[in-house]
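Trainee: Please see the structure below; I have some questions.
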Amino acid sequence: MAKTDARKLKVHHKANTIHSLQDRNGVRLDTFEAISGEFIQFFSESLRAVDSNVEVLPDDLLREILDTVLSIEMQNHLVAHVT
């Protein structure tokens with residue numbers, strides 16, 4: 001690999017990196033630990049949040065869906081190539 005190719009690779013790698021982030025209190029986060037911690041906190045809170053617009057499904061319906069056995073044809077459609 002030529003030196004110019006290596007430089008391009010480094011520039012491209014740096015372009016795909018988050019160097020700083022501002023948290024909800026306006027504090028600038030610029031270390032890997034702080035940025036990753038903020039992402040983890042954000043997504044953890046998002047996953048715990050309850051959306052009042054989403055209808056709760058009865059347990060019986062969920063059991064029925066999970067106990068369903070798909071035919072071979074239906075299984076093949078799940079893994080069919082899309083063109």
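The values are calculated or read from the model by the stated rules, or taken from the named source; none is laboratory data. Since this is a predicted model, take the numbers as computed values, not measurements. Backbone-built Cβ (ideal geometry, glycine too); neighbour counts: all protein chains shown.
Trainee: Being surrounded by 13 or more Cβ atoms within 10 Å (Cβ to Cβ) and either among the small types (Gly, Ala, Ser) or part of a loop (DSSP other than H, G, I, E, B) (or both) is the filter here, so list the residues in region 22-41 that pass it.
Mentor: Scanning region 22-41 gives Asp23, Ala34, Ser36, Gly37.
Trainee: Kindly establish whether Leu70 is modelled with pLDDT under 90 and either on the phi > 0 side of the Ramachandran plot or exposed (fewer than 10 other Cβ atoms within 10 Å of the Cβ) (or both).
Mentor: The answer is no for Leu70.
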